[in-house]
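See below for the structure under consideration.
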Amino acid sequence: MNICIRAAIYSFVLLFPLIGKSQQKLPTHKNFDKGLQKETRTTLGVPGAKYWQNTASYDINAEIIPGEKKLIGTESIHYQNNSPDSLKQLVFHIFQNLYKKGTIRDDVVHPDDVHNGVVIKELKINNQITPYRIEGTQLVADMKQPIASSSSVTIKVAWSFSIPSKSNIRMGAKDETSFFLGQWFPKVAVYDDLNGWDRNIHSGGQEFYYDLGNYNYTVTAPKGYLVWGTGMLQNPNEVLAKSIYKKYQKAKKRDAVVSIVTQNDYRSGKPITRNNKWIFEANHVSDVAFGVSDHFLWDGTSLKGVTEKDIYIEAVYPVASKDFIEVAELAKKSIHYFSTELPYPFPFPTMTLFNGTNGTSGMEYPMIANDPSADNRGRTVDVTAHEIAHNYFPFYVLTNETEQAWMDEAFAAMMPYKYQQKTEPTLNRLTRYARSMSKYANTDRNVASMVNSTMLRGGTSYFNLYMKPAVGLYVLQDILGEELFKKCLAAYIETWRGKHPTPLDFFYHVNQTSQQNLNWFWKPWFFENASPDLGIEKLEKITKDSYQITIKKTGELPVPLDLTVIYKDQTTQNIHYSAAVWKENDSKTIIVKTTKQIQKIVLGNDYIPDTNSKDNYWKN
């Protein structure tokens, strides 16, 4: 996105600064209130004048030893303290301690994957050996000399861990010689303006929260192994055999999908690789992940014309994953849709879809996803688009997945729904989520989506972090209209790219950009456990050529009113009101002018949840 467009979006957000003063107050959080006092946050939905963010940049060398299922690594981290505080300790995530004996976990781990934890061979800060303590999946180092505001430190770590091979929790072994590595290096935790250090211990159920940084990482793999990872491969001419390198270069220039490595390439007996040190670079990202294999197929293609530079796209998978034959093309279509219909250009130069899990769920990382194979095309289309959408949230807009998971999951579920309808309508997340809301919204599975995600488990977690807020965003789009909704979403992305927004920042931002006080909508959808229930209260013929239909909102949750009137001659009439119809009243009277006889009335549609559908029908 060029500077002029960005300036226009940002100016639009700030054009009406007085709107914030007339807003009813949303329920707030004491830490957000502190942010207002410190001027790091505002009620206009934009960062405060004194907003700051720390950064950590990494130079990493890792070696993967497939026979031992082991990773050995060293890293040098440049950590910049941009906060006004003097930091008396450094906190690191060592996520692979999820598999350490005695760790409290949300997920079942195969006994063979349980180990003694991440081995820290060395920790130096500014070249000084630094004592530390392990607390679950975190390492805490108390600083002899605090890190002053506006200063930096250099951290060096040497570590190793055993790669899980029988537990599919986001990463691990696909087979004996294929692995996906996520959460694989000691990583400085976020220290932010609202909470200080992120002290959430990872138990497997929640995802992650990261700062922005630059990454240069080298992966050493055995001879014959290929490596794919976040960012751009810096030495393809050194690691790839000439014939493979030629096809790789072709894929980076062509719209059509190129089979870079095929089954015949492996069968030929000719070398696939020349060197075993794979160098990657990824700048202005929050994390890196990679996959390795000595037998996966590799497809590549390029998307041209939607961003300033071509976007290189690749799919990597075993022969058995037949659905992945189409994934590179599906990924290209997804990125084209997001870049042209969202509309916000895809923010990264490359995207890899790696079939490195034997589970049923995908897992997102910047510029790479660890996706499952599926036995139906609908699921393949769905998971491909969903994980790519995550590159906007939380990898471009750096939301806190750990504590407010709906801020990325709901967006990634809602954003592709029209693409899904067009490409493969057999699976539609939004209609599936609406059905689940109809089933569970009036049960104790329904809690406020604003509840800290670390407190939610199982079906309750999925309902409140995926289903309900995704449908809520669809309802919001219906209220605003598609064009204004897109304008709000693009402005929010542009304002908070590379930063850490909270839910309140999002709510205030949409209020400001839309020039509407939407607090009547935000409260029941995100701060309460409200349920949706509309019903046909009565139908009356008031004149010879008109009927009066009364619809009552019994549930607390405002949802669209969609009415289909079916006449005796089998013609139909659709009447639609957005959820804004309930802003002031719980009853809506509709006058239908017609000389025809009404045979049947149907209230609702597949996108609108309703916990009691018994009163959604009237029949003459």
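Using a simple charge model, +1 on the beta-carbon of Lys and Arg, -1 on the beta-carbon of Asp and Glu, nothing else, what dipole does region 578-620 show about its Cα centre, in debye to the nearest 20?
Values: 7 positive and 5 negative charges, 66 e Å.
Once rounded to the nearest 20, the dipole reads 320 debye.
Mind checking the angle between helix 377-389 and the chain's longest principal axis? C-alpha axes, 0 to 90 degrees, to the nearest 10.
Tilt relative to the chain: about 70 degrees.
Tell me what the chain gives for mean residue ellipticity at 222 nm when only DSSP H runs of n ≥ 4 count, each as -39,500 (n - 2.57), the sum divided by the residue total, rounded to 500 deg cm²/dmol.
Working: 15 runs with 145 residues, N = 620.
Value at 222 nm, helices only, nearest 500: -7000 deg cm²/dmol.
With every protein chain left in place, what is the accessible area per residue of region 183-307 in square angstrom, probe 1.4 Å? Please report the intermediate quantities before stating the final value.
Details: 4710 Å² over 125 residues.
The answer is 38 Å² per residue.
Which loop-located GluC sites (Glu not before Pro) does region 529-620 contain, where loop means any DSSP state but H, G, I, E or B and the Cβ has at most 13 other Cβ atoms within 10 Å?
Sparse-neighbourhood loop GluC sites (Glu not before Pro): GLU584.
So what is the relative contact order of region 42-173, in percent, for Cα pairs below 8 Å that sit 6 or more residues apart?
Relative contact order here is 32 percent.
In Å², and per residue, what accessible area does region 383-449 have when probed at 1.4 Å with the other protein chains present? Working shown, then result.
Values: 1900 Å² over 67 residues.
Ligands and nucleic acids excluded, the result is 28 Å² per residue.
Given [x] 103, 68, 43; [y] 85, 67, 53; [z] 86, 60, 52, which label gives Cα extents along the principal axes in Å as computed from the coordinates?
Correct label, based on the coordinates given: [z].
Could you state the accessible area per residue of region 95-137 in Å², with a 1.4 Å probe and every protein chain left in place?
On the way: 2580 Å² over 43 residues.
Result: 60 Å² per residue.
About the Cα centre of the chain, what is the dipole size in debye to 20, counting +1 per Lys and Arg Cβ and -1 per Asp and Glu Cβ, all else neutral? It would help to have the intermediate numbers written out before the result.
Numbers: 70 positive and 64 negative charges, 115 e Å.
Magnitude of the dipole: close to 560 debye.
Among the trypsin sites (Lys or Arg not before Pro) in region 111-183, which ones are in a DSSP loop with at most 13 other Cβ atoms within 10 Å of the Cβ? Mind listing them?
Details: sites: LYS121, LYS124, ARG133, LYS144, LYS156, LYS166, ARG170, LYS174; in loops: LYS166, ARG170.
Those that pass, being in a loop and sparsely packed, are LYS166.
So what is the relative contact order of the chain, in percent, for Cα pairs below 8 Å that sit 6 or more residues apart? Before the final figure, lay out each step's value.
Details: 1397 pairs, mean separation 74.3, N = 620.
The normalised contact order for the chain reaches 12 percent.
Just report the Cα centroid separation between region 114-165 and region 240-274, whole Å.
40 Å
Please state the relative contact order of region 524-620 as a whole percent: Cα pairs under 8 Å, 6+ residues apart?
Details: 204 pairs, mean separation 32.0, N = 97.
Reported relative contact order: 33 percent.
Could you work out how far the C-alpha centroid of region 509-534 sits from that of region 379-443, in angstrom?
Region 509-534 and region 379-443 have Cα centres separated by 19 Å.
For a quick check of your reading of the filter: which trypsin sites (Lys or Arg not before Pro) in region 520-620 sit in a DSSP loop and have no more than 15 other Cβ atoms within 10 Å? Don't skip to the answer; put the middle values down first.
On the way: sites: LYS538, LYS541, LYS544, LYS552, LYS553, LYS568, LYS583, LYS588, LYS593, LYS596, LYS600, LYS614, LYS619; in loops: LYS544, LYS568, LYS583, LYS596.
Passing both the DSSP loop test and the Cβ count: LYS544, LYS568, LYS583, LYS596.
For the chain, which whole percent of the accessible surface, found with a 1.4 angstrom probe, sits on carbon and sulfur atoms?
Values: 12240 of 25020 Å².
Of the solvent-accessible surface of the chain, carbon and sulfur hold 49 percent.
Which of the listed residues, LEU398, LEU240, LEU484, is farthest toward the dipole's positive end in the chain, when Lys, Arg count +1 and Asp, Glu count -1 at the beta-carbon?
LEU484
Please report the antiparallel percentage of the DSSP beta bridges confined to the chain, to the nearest 5.
Numbers: 108 of 123 bridges.
About 90 percent, rounded to the nearest 5.
From the residues TYR567, THR611, GLN420, which one has its Cα farthest along the dipole of the chain in the positive direction, the dipole being from +1 and -1 charges on Cβ of Lys/Arg and Asp/Glu about the Cα centre?
TYR567
Relative to the longest principal axis of the chain, what angle (0 to 90°, nearest 10) does the C-alpha long axis of helix 3-14 take?
50 degrees
Can you tell me the orientation of helix 327-341 relative to the chain, as the angle in degrees between its alpha-carbon axis and the longest Cα principal axis, to the nearest 10?
Taking Cα atoms only, the helix is inclined about 50 degrees.
The values are calculated or read from the model by the stated rules, or taken from the named source; none is laboratory data. Because the structure is a prediction, the values reported are computed rather than measured. Please note: Cβ atoms are built from the backbone with ideal geometry, for glycine as well, and neighbour counts cover all protein chains shown. When the accessible area is computed, the model is the full protein with side chains, heavy atoms only, and any ligands, DNA or RNA have been set aside. Shrake-Rupley method; radii C 1.70, N 1.55, O 1.52, S 1.80 Å.
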